Amino acid sequence: MDKMTKKILIVFVVVVAAAVLIFAGVRVYQQKEAEEKGEDSLPKTEVGKLLAKDLDLEYPGTPTEVVKLFWRINKCMYNTNMKEKDRKALYQQLRLLYDEEFLKQKGNSEEEMYQALKKDIKTFDDAKNFISSYIVQEDDQVKYAEVDGREEATLVASVLETSKTTESYAEYICRKDSKGRWKILGWKQITAAEAEK
C-alpha cells in the first residue's frame, strides 16, 4: 500500500469513527430527553397517582390489595385538600372496588354516597382529625369461604387517627365477581379483641 492510499484509509477510518461517536451521542441525548419527558408526565402527588390508576387494566389481585387501595384512596380524600372534581374522580375510583350488591343497597346510590362522604369529610376536618396510618391483614391471614356458590374473603384492617390517637378496627368481606375480581361487599366495626381472633 502506498502512502497516499494509507492516508486516505486513515482519514476514512477517522471520519467513520467520528460519525459513529456523533450518532451515539445524539442517541444518548435523545433517549435521556425522552426519559425526562416520560418522568415529567408521571403524576407526582398521591391524588395524581390514584387518579392515573386504570382499574380496568391493573385491578388489585387479592382481597388484601383491594382493602389497601380502599384505604389509600380514603386516606387521600380525608387528609388532602383538593378540588371538587378531583375528590369526585377519586370517589369514582373507590366505587370500582365495591361489589354490585353493595352498590344496589338502599342509600348507596352514587349521589347519596358522595353527599354522605362529603359530610363525613367535613366533620372529620372540623374535628382536626387526620388518618396517620392503616394496616390491612396480609394474604396469609385472610379467611376464605364459599357462600351461595361464590368465593368470599374476610379480613381485618386497622386505622390510626392522630387527633384522637385511637385505633379503630373493621372487618371487611370481599367477594369475587364474574371477572374474578375481589370486590368489597361490606364491612363492620369490631373491637381490638375481635381483631385478634
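The values are calculated or read from the model by the stated rules, or taken from the named source; none is laboratory data. Source: prediction; values computed, not measured. In this analysis, Cβ positions are derived from the backbone assuming ideal geometry, glycine residues included, and neighbour counts consider all displayed protein chains. Heavy atoms of the whole protein, side chains included, go into the accessibility calculation; ligands, DNA and RNA do not. Shrake-Rupley method; radii C 1.70, N 1.55, O 1.52, S 1.80 Å.
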*Count, please, the residues in segment 174-197 that happen to be among the hydrophobic types (A, V, I, L, M, F, W, C), open to solvent by 60 Å² or more (accessible area, probe 1.4 Å) and touching a residue at least 12 places away in the same chain (Cβ under 8 Å).*
1
_Going through 51, 42, 103, 97 one at a time, which residue ends up being open to solvent by less than 20 Å² (accessible area, probe 1.4 Å) and either of a type outside the set (Phe, Trp, Tyr) or at pLDDT below 95 (or both)?_
97
*Do we find that residue 69 is surrounded by 13 or more Cβ atoms within 10 Å (Cβ to Cβ), hydrophobic (A, V, I, L, M, F, W, C) and not in a helix (DSSP H, G or I) in this structure?*
no
_Among the residues that make up segment 162-176, is at least one of them charged (D, E, K, R), out of contact with any Asp or Glu (no Cβ under 9 Å at 6 or more places or on another chain) and under 21 Å from residue 61 (Cβ atoms)?_
no
*Have a look at 115, 141 and point out the one that is open to solvent by 20 Å² or more (accessible area, probe 1.4 Å), out of contact with any Phe, Trp or Tyr (no Cβ under 6 Å at 6 or more places or on another chain) and farther than 21 Å from residue 185 by Cβ.*
115
*asked:* Consider segment 54-66. How many of its residues are buried (at least 17 other Cβ atoms within 10 Å of the Cβ) and either assigned to a helix (DSSP H, G or I) or free of Cβ contacts under 8 Å to residues at least 60 places away in the same chain (or both)?
replied: 3
*asked:* Give all pairs with beta carbons closer than 6 Å in which a residue from segment 119-135 that is within 25 Å of residue 64 (Cα to Cα) meets a residue that is assigned to a helix (DSSP H, G or I) and aromatic (Phe, Trp, Tyr); count only pairs at least 6 apart in sequence or on separate chains.
replied: 121/78; 131/78; 134/71
